[in-house]
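Student: This is the structure I want to talk about, given as structure tokens.
The values are calculated or read from the model by the stated rules, or taken from the named source; none is laboratory data. As the structure is a prediction and not an experimental result, all values here were calculated from the model. Every residue, glycine among them, receives a Cβ derived from its backbone with ideal geometry; neighbour counts consider all protein chains shown. Ligands, DNA and RNA are excluded from the accessible area calculation, which covers all protein heavy atoms including side chains. Shrake-Rupley method; radii C 1.70, N 1.55, O 1.52, S 1.80 Å.
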Amino acid sequence: MVGSSRSQRRLTRLAFPLAGLAALLTAGAAISQEGGGILLTLGIDQRFSWENNPELDIPSAGDRFRSDTRLSFSGVSETSRDRLSFNLGTVLRGEDGGSGSDFGLTSPSAELAYARSGYSSSFTFSGSLREADLGEGLALVEGEDGSLPVLIFEDGTTRVKSARLAYTWGEGKPLGGSLRAGLTDTDYSDTIDPDLVDNRTITTGAGLRFALNEVTDATLDLDNSRYDEDGYAAVEDTTTLSVGLVRALPRGNLRGKLSTTRDEDGNRTGLSFGRTFELPRGLLSVDLGLTEAEGGGTDFTGALDWRQELAQGTISARFTRAVTSGTDNDETLVTALSLGLTRELTPLLGVNLGASWVQSEEQDTSLVTDNTSINASFSYALTEDWAMNFGANHKVKDEDGFGRADSSSVFLSVGRVFDWRP
């Protein structure tokens, strides 16, 4: 296969930042060794996969064969009060089919995290740099700041740089609070979607917690998000004020929250109630709410998380429905459902089954996109150190105005992890 110019540009753009960050992280880990030693981990995984219509094009772009050699290097150092960790990763990829042939390094990433705890306070910092192909249906913000998935199936790549810090005090005390800030910078390359514009978001927030009695806490939070796009002078500011109550119960807690959000389109008010149940070998969390925009219209929101430990595995289910912001910062109603099952069949063989469905509805255009995925994989311990994984996946995308596209894939991978303490 012939190396593409896109891969060369990608390597040049990221080589120096990653090299500098790697040196900084390794030096930081070596210094922290004085506080109790570090654990270094090197991972390698070789994966072969075949997939038809990998980017869910209409009509199909054909089949693609891909070879991925995943490399990772991480370190962790912990003391009684501090924890420093870093992780570096990349993929040596060769592929043929689909939109063409390619060979080179891809998906580089670097992450750094530090946490320090005191008697009744704590400080955390994290930073990351990562690049990914948009054609993979990337969940750009899944799990970050409690937001829902933003799924993209487009040509091109995205590079995301982010930093987060938070300080809390009064932990376990009648009065406590927190300060937090974050920055996310997103760059796109080789894309054709006009909505995918380079952008950055700056977030700041502060909160207070009051202990009303031994089992009930009241919270007050104020958060601001500042979003701007390259080439556009306008800046979008979003401010959210929320008050909440949390009451501890014998097996779980009861909570309520009232929030109001103001941006350039007006105000949005939301009210939600939740309950957490601690089950024998499991956990169930339920939230229900309403959100109403200034311009009219009410949306039901909610979340359900269930996890149950089995004799030789775990079963889980998650449902979420909320109003979130997409890649262009426009409001989107996202409904997501996922199911998962992991089970140990024998001491050497395990199975992982999963299914997910995500529906996103753009609030300004009412366009709806459905993404469905079903997957099954097996893991087998070849030796004490080496493991093999193999499985299959089927995904479907149905988008208003474009139609339905589907894709199936199979994969086989072999890998291991090396641990050592210097």
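Student: Please identify the pairs in which a residue from region 215-229 that is under 19 Å from Thr168 (Cβ atoms) has its Cβ atom under 6 Å from the Cβ atom of a residue that is small (Gly, Ala, Ser) and crowded, with 16+ Cβ neighbours inside 10 Å, counting only partners at least 6 apart or on another chain.
Tutor: Thr219/Gly244; Asp221/Gly207; Asp221/Ser242; Asp223/Gly205
Student: Take region 259-276 and flag every residue that is out of contact with any Ser or Thr (no Cβ under 7 Å at 6 or more places or on another chain) and open to solvent by 70 Å² or more (accessible area, probe 1.4 Å).
Tutor: Once the filter is applied, which keeps residues that are out of contact with any Ser or Thr (no Cβ under 7 Å at 6 or more places or on another chain) and open to solvent by 70 Å² or more (accessible area, probe 1.4 Å), region 259-276 yields Glu264, Asp265, Leu271, Phe273.
Student: Name the residues in region 48-66 that are open to solvent by 30 Å² or more (accessible area, probe 1.4 Å) and touching a Gly at 6+ places or on another chain (Cβ under 8 Å), would you?
Tutor: To start, the set of residues in region 48-66 that are open to solvent by 30 Å² or more (accessible area, probe 1.4 Å) comprises 48, 50, 52, 55, 57-61, 63, 65.
Asn52, Glu55, Ile58, Ala61, Asp63, Phe65, listed by residue number.
Let's see how each residue does on (1) in a helix (DSSP H, G or I); (2) acidic (Asp, Glu); (3) within 30 Å of Phe402 (Cα to Cα):
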| position | (1), (2), (3) |
| --- | --- |
| Asp45 | no, yes, no |
| Glu51 | no, yes, yes |
| Ser60 | no, no, yes |
| Val76 | no, no, no |
| Ser80 | no, no, no |
| Arg93 | no, no, no |
| Leu105 | no, no, no |
| Ala115 | no, no, no |
| Tyr119 | no, no, no |
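Student: Being β-branched (Val, Ile, Thr) and either closer than 17 Å to Thr269 by Cα or over 26 Å from the mean Cα position of the chain (by Cα) (or both) is the filter here, so list the residues in region 233-258 that pass it. Steps first, answer last, please.
Tutor: Narrowing region 233-258 to residues β-branched (Val, Ile, Thr): 235, 238-240, 243, 246.
Thr238, Thr239, Thr240, Val243, Val246, listed by residue number.
Student: Here's a follow-up. Can you pull out every residue in region 277-293 that is under 24 Å from the mean Cα position of the chain (by Cα), open to solvent by 50 Å² or more (accessible area, probe 1.4 Å) and within 30 Å of Gln312 (Cβ to Cβ)?
Tutor: Within region 277-293, just Leu283 meets the criteria.
Student: Please tell me if Leu129 is at pLDDT 70 or above, surrounded by fewer than 18 Cβ atoms within 10 Å (Cβ to Cβ) and farther than 26 Å from Leu333 by Cβ. Don't jump to the end; show me each part of the working.
Tutor: Details: at pLDDT 70 or above: yes; surrounded by fewer than 18 Cβ atoms within 10 Å (Cβ to Cβ): no; farther than 26 Å from Leu333 by Cβ: yes.
Answer is no for this residue.
Student: Something else now. How many residues does region 169-190 contain that are open to solvent by 40 Å² or more (accessible area, probe 1.4 Å) and either of a type outside the set (Lys, Arg) or within 18 Å of Leu112 (Cβ to Cβ) (or both)? Walk me through it before giving the result.
Tutor: Filtering region 169-190 down to residues open to solvent by 40 Å² or more (accessible area, probe 1.4 Å) leaves 169, 171-175, 179-180, 183, 190.
Add one more test, that the residue is either of a type outside the set (Lys, Arg) or within 18 Å of Leu112 (Cβ to Cβ) (or both), and what stays is 169, 171-172, 174-175, 179-180, 183, 190.
Result for region 169-190: 9.
Student: Among the residues in region 185-195, are any of a type in the set (Phe, Trp, Tyr) and within 15 Å of Lys173 (Cα to Cα)? Full working, then the answer.
Tutor: Going through region 185-195, the residues of a type in the set (Phe, Trp, Tyr) turn out to be 188.
If we keep only those that are within 15 Å of Lys173 (Cα to Cα) too, we end up with none.
No.
Student: Which residue pairs have Cβ atoms under 9 Å apart, sit 6 or more places apart or on different chains, and have a first residue in region 296-309 that is farther than 30 Å from Arg343 by Cβ and without any contact (Cβ under 8 Å) to a residue 24 or more places away in the chain and a second that is outside any strand (DSSP E or B) and open to solvent by less than 70 Å² (accessible area, probe 1.4 Å)?
Tutor: Gly297/Gln363
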